[in-house]
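Read-outs: derived from the displayed coordinates by stated rules, not from any lab. Treat the numbers as computed from the prediction; the structure is a model and nothing was measured. Note: ideal-geometry Cβ built from the backbone for every residue, glycine included; neighbour counts use all protein chains shown.
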Amino acid sequence: MYTIRVFYGQHRHQLDAKNRFRIPTKFRKFFGDKIFLTRGSDNCIYVFGEDGLDKLLFDRFKDVGLISTKSIIKAKRQIAGHTAEAEDDGQGRFTLPEFLIKHAKISKNIVSVGSSNWLEIWSEERWDEYNEENDDYDALIESLVMGDEKATV
């Protein structure tokens, strides 16, 4: 049985010289003992606890086999193949792997963003650009209320 967790809000912080970061306490308590990082959409990084990753990989892809469509196999491969377990250094810091830093275009400043049932890590610059590109909040809310399936929030 999965526990429902809701991640919300945002926190701005920095990677240290060893590419380590802290997950804000408000978010950290939901992850359990293990934290996993994987490539996310729009050049962000998705952060899951073990339950969240199991739910994503097992529940969504449990019936994916060798005879599945290429796009489904590709999606499974991309998610599972680009996932890393975050190592806690004993002081609450986690190292961000180089391949994810490159994917997210992170230089130093990052933003941890709650995204309902997972956490996202963004380059501060990319997060600010993303918000400028998607600044029509009223239209997004209206499309959700009106049931527009094309809405991307």
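Key figures
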item	result
I79, I73, I45 arranged by Cβ crowding within 10 Å, fewest neighbours leading	I73, I79, I45
Built amide H within the under 5 Å cut-off of L119, gap 5+	V47
Net charge over other residues, Cβ less than 10 angstrom from the Cβ of I35 (K, R count +1; D, E count -1)	-3
Convex hull projection area averaged over all views, region 10-124, Cα basis, nm²	7.2 nm²
Difference of contour (0.36 nm per residue) and Cα-Cα distance, N117 to Y8	38.4 nm
Charge context of E85, other residues only, Cβ under 11 angstrom, K/R +1, D/E -1	-3
Efficiency of FRET from Cβ geometry, S71 and D138, R₀ 41 Å, rounded to 0.05	0.75
Hits among lysines - C-alpha to C-alpha of K26 under 24 Å, sequence gap 8 or more where chains match	K18, K34, K55, K108
